[in-house]
Amino acid sequence: MTLPGIPLLLQSIVSGILIGGVYGLVAIGLTLIFGVMKIINFAHGSFMMLGMFTTYWLYVLLGIDPYLSLLLTIPLLFLFGLLVERFLIDKILDAPEHNQLLLTLGISLVIENLALFLWSPNFRTIDVSYANKATTLGPVMISFPKVVAFVFAIFLTTVLYYFLKNTDLGKAIRAASEEKEGALTVGINLKKIYYIAFGIGTACVGAAGTVAAPFFYVSPQVGGVFVITAFVVVVLGGMGNFLGALIGGLIIGLAESVGAAIIPGQLKQFIIYFIFILVLLFKPAGLFGKANA
Amino acid sequence: MFLLEIKDVTKKFGGLTAIGNLSFHLEKGEILGIIGPNGAGKTTLFNVVTGFYRPDGGAIFFKGQEITGLKPHQIAKRGLVRTFQITQPFPNLTVLENVRIGAYSRIKSNREATAEAFRILKTVGLYEQRNELSSVLPIGHRKSLELAKALATNPELILLDEVVAGLNTMEANQMITTIKNLQQEGITILLIEHVMKAIMSLSDRIVVIHYGVKIAEGAPQEISKNPKVIEAYLGEEYVFAKGQ
Amino acid sequence: MPESRQRFLKLALFGIAGVILLALPQYIPEYHTHLMTTVLFFGYLGTAWNILGGYAGQFSFGHTAFFGIGAFTSSLLQLHAGVNPWIGMVLAGIVGTMVGLFIGSLCFRYGLKGPFFALAMLALAEMLRLVSIQWMTAKYPLGINIPLLEDSLLNFQFRDKVPYYYIILLMTAAALLLADALEKRRIGSYFKAIRENEDAAESLGVNAFKYKLIAMGISAFMTAIGGTFYAQYYLTLDDEAAFGVANSIEILLGPIIGGSGTVFGPILGAGILEFLSETSRNFLGRYSGVHLMVYGAVLIIVIVFLPDGILGGLKKAFYKISGSKQK
Ligand SMILES: Nc1ncnc2c1ncn2[C@@H]1O[C@H](COP(=O)(O)OP(=O)(O)OP(=O)(O)O)[C@@H](O)[C@H]1O
Ligand SMILES: [Mg+2]
């Protein structure tokens, strides 16, 4: 273990916060789905990968700018999530929890390996002009696409937050997540809420994929990198806790990035898993959750 | 020495005191009824006595030994078992397998445990259903199964949480007879019940709780005349009316 | 069906299957012997997983942790201390059990259940994988190669695949007999009771913590031993082969598809999966991952239409018929 110099430390703090925003965005989709449907979505990473590839192909084949492609990835992934919910998840809502987990695992196996089959396991990058653009601020280098991703993540989180707080549909979704029986008695159509929540969760992670695509690699297995981190973030922030997911994302982003500066190689990931297990054991309601009696 | 002694037991859920400083005791061989309006804390009391909840204060003694804070399985092993108000079968196991789980608590051998389970299934009238999955049983049978599982452990004291409620008249009468027979066999019984006919005909004594506090205790006739009890049930007279 | 007849039928089936499987390598090409070895191998691991995940209902998503620990323990002991692989196998089982009991006691003490236990196990396996990557790149960048010795049973090394087939056949048979014995006894009933309703089990005097740990211990021991078999079969080992997430998935797919919590479900599932994987490779070519795509599709179909797996579904149907007949 070596102590990094101040510039390196500052750099890793900035990078950590920026990537943390993306983690938050990935995790918000996951936590929304969990909060409303009590389902741990193992396919979440594959949905992100689909978002990335959508952006990639739109750029390569049609020359559409990655950020512009958000206008397509968001509705496309919303629709995709909605269909997955309608035709698969919907069938097992009353099944034992582990079967729900297995179904989403099955979905992710199909999506990921189909992508592998169609697009090969190669790492691809999107060579837009701004991919490597950066400004320096003192000793710290700030990557342009990462800033965009971060700002977008905050923006989308805020929009969603207001949507959930202030619109009828949003309130219905929150009611469904907080008090299932209550929601039923006031006449909320739970099935419809489920389609929409799953669709929104998928759209969120797809959007996260899009904004990450310019500075990350694109490959069929890229989702795995994010999805386990997203589980950690979600558990840390409290399962189903919306703002917790964003804050959890920032914490994990920071921990990972600063950890990488201090600890060699793969071990930074190790620490994240370690935190994960500790939180599961000792604070299952998350860092901000009330302890259960 | 009492068989069961509850001393100043308190259980809180956040700001809500589900049971407050409750004390009472049970003699060996008696049937003690517990009544009280919905939400009075009856089931919570069972959960505390059987180790599912840890009390916030007070102590519980069984056969003279303190059992406060023991795990449910430890308490069951000592001869104190309970049934659940919301029946808790092992859904994907057959009725026979369900009851055998109870028998295994004192019999290791598969063959003997099965024989014991058969015997118990006959006493509660579930022998015909022995090879059915417990998940498909109608409510009457589920209540009998709940009782049979507990009985299979060969308890000294059994806590019954509304085993009569929800049964039709014939089933209810049968259940009441079964419970009487258990007393004959020397099993002590603590009974929660809303069905007044059952509680009045079975109980040697009755404890009434309201908002977690004991408001009356005595023989069934005294209890039904007690003004405090009548007041507690005000607006819930239907309970008395329905039962009698 | 009366119990004695059921038992006779089971024994007869077991016997016939045994004779056929013993004779098989004489009549099939070596590649098919390899395929059969794979089926038995995953059947064996699935049976080990099934004791914890299927019977006791503690759904492990990271069983490759024990597998990798077993593989590494015996391989490293052999490489560095010249420990005979059979002895290494026993030690592997012991180390695996200890790790299992440790993580199990943490998880079960703090009440981790369902998907959360599954994720904790996944995290454990991933932690081990990361440590092993770190350590392997430093010490064994080319992977661990077990020193080649003369072909012999004592050395647990053979150029020919057939002896491995017989070893895994024996291991699988032993695992199935163990599962069958557990199922018929109090301990197996307790596992199932905990799976079905932990509170109800506790209320009847079942020490759920203890029995979950026992299930974990047995399962981890068997899985770790399977790791040693794997290492001896391929005589080489790396972090991905030992601790890859795909292992954890392949271990549990067999029991899920064949029927978790049944004796023969895991081996049936392993057979089906291997068949599908071979067929899909023949049709779609040898892209890596094609078989996983097919597995995923089968998993989706099974979960949606046969949530208890093949044998589990049959068992339920049987109870429905026999139950309604009695009335
Ligand atoms: N696990 C819990 N967490 C929070 N509050 C609880 C819990 N269990 C019970 N309560 C509350 O404690 C009070 C007593 O509940 P309890 O179930 O003991 O009532 P009861 O007398 O059995 O009622 P009933 O006749 O309806 O069965 C109720 O207000 C209930 O809402
Ligand atoms: Mg109650």
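Taking only DSSP H segments of four or more residues, each worth -39500 (n - 2.57), what value at 222 nm results for chain C once the sum is divided by all its residues, to the nearest 500 deg cm²/dmol? List each step's numbers first, then the result.
On the way: 14 runs with 251 residues, N = 327.
That comes out to -26000 deg cm²/dmol.
Taking Lys and Arg as +1 and Asp and Glu as -1, the other residues whose beta-carbon sits under 14 Å from that of residue C:257 total -3.
In a DSSP loop and with at most 12 other Cβ atoms within 10 Å, the trypsin sites (Lys or Arg not before Pro) in region C:84-179 are C:159. Where a ≥ b ≥ c are the square roots of the eigenvalues of the C-alpha gyration tensor, would you call the protein assembly as shown rounded, which needs a/c under 1.5, or, failing that, prolate if a/b is larger than b/c, or oblate? Cα axes put the protein assembly as shown in the oblate bin. So if I take the centroid of the Cα atoms in region A:165-242 and the same for region B:1-70, what is the distance between those two points in Å? Distance between centres, Cα-based: 43 Å.
In chain A, excluding the sites themselves, the longest stretch lacking any of the trypsin sites (Lys or Arg not before Pro) that are in a DSSP loop with at most 15 other Cβ atoms within 10 Å is A:134-289. Rounded, prolate or oblate, given the Cα gyration tensor of region C:76-223, with a/c below 1.5 counting as rounded? It comes out oblate by the Cα gyration axes. Within a straight-line Cα-Cα reach of under 27 Å, residue C:139 can be paired with the following lysines, leaving aside sequence neighbours fewer than 8 residues apart in one chain: A:268. Cross-link reach is defined here as a Cα-Cα straight distance under 18 Å, omitting same-chain residues fewer than 8 places apart; for residue A:165 the lysines meeting it are A:180. Along the charge dipole of the protein assembly as shown, Cβ charges K/R +1 and D/E -1, which of A:33, C:190, B:167 sits furthest on the positive end? Towards the positive end, the residue furthest out is B:167. Note on chain C: GNM, Cα springs under 10 Å; of C:194, C:103, C:303, the largest mean-square fluctuation is that of C:303. Build a GNM of chain C with springs between Cα atoms under 10 Å apart, and of C:118, C:220, C:71 the one that fluctuates most is C:118.
Ordering B:83, B:107, B:95 by Cα displacement along the dipole of region B:75-115 toward the positive end leaves B:107 in first place; charges were set at the Cβ atoms of Lys, Arg (+1) and Asp, Glu (-1). Each Cα pair under 8 Å and six or more residues apart adds its sequence gap; the mean of these over the residue count of chain B is a relative contact order of 25 percent.
Residues in region B:139-149 carry Karplus couplings, in order, of 4, x, 5, 5, 5, 4, 5, 4, 5, 4, 4 Hz; the curve used is 6.51 cos²θ - 1.76 cosθ + 1.60 with θ = phi - 60°, and Gly or Pro positions show x.
Annotation for region B:19-83: chymotrypsin sites (Phe, Trp or Tyr not before Pro) lying in DSSP loop with at most 15 further Cβ atoms inside 10 Å of their Cβ do not exist.
Mind checking the mean number of beta-carbon atoms from other chains within 10 Å of the Cβ atoms in A:269-277? Kindly include the intermediate steps, with their values, before the conclusion.
Values: counts 6, 9, 2, 4, 10, 3, 1, 7, 10.
Across A:269-277, the average partner-chain Cβ count within 10 Å equals 6.
Counting only protein heavy atoms and using a 1.4 Å probe, the accessible area of residue A:67 comes to about 50 Å².
Using C-alpha pairs under 8 Å with a sequence gap of at least 6, the mean separation divided by the residue count of chain C gives a relative contact order of 31 percent.
Which pairs, out of C:113/C:161; A:38/C:212; B:7/C:113; A:283/C:210; B:180/C:113, put more than 31 Å between their alpha-carbon atoms? Result: C:113/C:161; B:7/C:113; B:180/C:113 exceed 31 Å.
Of all aspartates and glutamates in the structure, those lying under 19 Å Cα to Cα from residue B:122, and not within fewer than 8 positions of it along the same chain, are B:97, B:112, B:132, B:146, B:171, B:185. For chain B, set up a GNM with springs between Cα atoms under 10 Å and report which of B:231, B:193, B:217 has the largest fluctuation. Between B:231, B:193, B:217, it is B:231 that shows the largest mean-square fluctuation.
Beta bridges per DSSP, both residues in the protein assembly as shown: antiparallel share near 65 percent. Taking Cβ atoms as reference points and 14 Å as the exclusive limit, the residues near residue C:295 contribute a net charge of -3, counting Lys and Arg as +1 and Asp and Glu as -1. A convex hull fitted to the Cα coordinates of chain A yields 138 cubic angstrom per residue.
The values are calculated or read from the model by the stated rules, or taken from the named source; none is laboratory data. This is a predicted model, so every value here is computed, not measured. Backbone-built Cβ (ideal geometry, glycine too); neighbour counts: all protein chains shown. In case anyone asks, the SASA skips ligands and DNA or RNA and just uses the protein heavy atoms, side chains included. Shrake-Rupley method; radii C 1.70, N 1.55, O 1.52, S 1.80 Å.
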